[in-house]
Amino acid sequence: MKSAWTPQSKLPAVGTTIFTVIGQLAEEHHALNLSQGAPNFAPDPKLVESAARAMRAGHNQYAPMSGVHALRDALALKTQKLYGATYDPASEITVVASASEGLYATISALVHPGDEVIYFEPSFDSYGPIVQLQGATPVAIKLSPVDFHIDWDEVQAAVTPRTRMIIVNSPHNPSGSAFTSVDIERLTALTRDSKIIVLSDEVY
């Protein structure tokens with residue numbers, strides 16, 4: 001007998017994500033799915049063989065919660081070489097399965113009910129729903145339709161005592177606009193001596 005109970009979504013207004021829509025359209029029209037960077041070619045056979053060799057060697061079980069130590073070491077070294085920034089791989093680097101998981105884990109760990117989170121639109125469509133799931137309020141600020149620059153005066157006006165986090169994205173997804181030194185100076189001045197967390201979603 002069919003149950004009369006129907007599970008209710010916590011976010012009934014969210015609907016299907018744009019990535020699902022674009023993925024279906026790309027498949028339907030045999031197009032490249034640039035929305036997720038999906039290639040139209042097979043991976044390098046050396047990469048496939050390396051993965052198979054690692055699995056045959058027994059590296060196929062649960063990884064430590066923060067990620068395999070050798071990988072965290074490599075990420076710390078790469079970050080130091082590229083940016084001159086030194087991080088402790090044991091306590092300052094965490095490996096996640098995807099950007100979406102990393103965003104959810106970070107926001108849910110640091111944002112609490114009643115908080116506000118500022119981000120910029122157009123945006124990755126998971127920002128708002130993740131914030132809402134924490135009982136917090138997403139505060140979306142629209143970027144200039146001409147060059148997608150941030151109006152920092154508008155950001156400053158949107159900051160309240162409840163502002164817990166500002167999510168930035170440079171190069172911006174999907175426009176490709178990048179922060180200038182002025183943007184960084186304004187963000188730094190806005191958050192200095194505050195309890196506002198800056199979450200930098202670096203796509204590439």
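Would you mind checking which residues have amide H under 5 Å from Phe120's amide H? H placed 1.01 Å from N; only 5 or more apart, or other chain.
Excluding prolines and chain starts, which carry no amide H, the hits are Ile141.
Kindly provide the helix-only [θ] at 222 nm of the chain, computed as the sum of -39,500 (n - 2.57) over DSSP H runs of four or more divided by all residues, to the nearest 500 deg cm²/dmol? Write out the running numbers ahead of the final one.
Values: 7 runs with 76 residues, N = 204.
It comes out at -11000 deg cm²/dmol, rounded to the nearest 500.
Looking at this model, which pairs from Lys81/Lys142; Lys142/Lys195; Lys78/Lys195 are more than 32 angstrom apart at the alpha-carbon?
Result: Lys81/Lys142 exceed 32 Å.
Would you mind checking which residues have amide H under 5 Å from Thr137's amide H? H placed 1.01 Å from N; only 5 or more apart, or other chain.
HN-HN under 5 Å from Thr137: Gly114, Asp115, Glu116, Val117.
Hey, could you get me the Stokes-Einstein D for segment 97-200, Kirkwood radius over alpha-carbon pairs, 10 °C and 1.306 mPa s, rounded to whole µm² s⁻¹?
114
With an 8 Å Cα cut-off and a minimum separation of 6 or more residues, compute the relative contact order for segment 97-200 in percent.
27
If you split all Cα-Cα distances of segment 16-61 into 10 Å bins from zero, what percentages do you get per bin, shortest first?
Calculated over all Cα pairs of segment 16-61, the distribution is 24, 30, 24, 22, 0 percent.
Whole-Hz ³J(HN,Hα) for each residue in segment 146-154, computed from phi via Karplus 6.51 cos²θ - 1.76 cosθ + 1.60 with θ = phi - 60°, x for glycine and proline: what do you get?
8, 10, 6, 7, 8, 8, 5, 5, 5
If the only charges are +1 at each Lys and Arg Cβ and -1 at each Asp and Glu Cβ, what is the size of the charge dipole of the chain around the Cα centre, to the nearest 20 debye?
Around 680 debye, computed over the chain.
Quick one: grab Rg to one decimal and Dmax as a whole number for the chain, Cα atoms only, in Å.
Using the Cα atoms of the chain, the pair Rg, Dmax is 20.3, 64 Å.
Take segment 22-127, compute every pairwise Cα distance, and split them into 5 Å bins from 0; I just need the percent in each bin.
2, 8, 11, 13, 16, 19, 16, 9, 4, 1, 0
Every number here is computed from the coordinates shown, using simple stated rules; none is lab data. In this text the structure is predicted, and so the values were computed from the model without any measurement. All Cβ positions, even for glycine, are placed from backbone atoms using ideal geometry, and neighbour counts span all protein chains on display.
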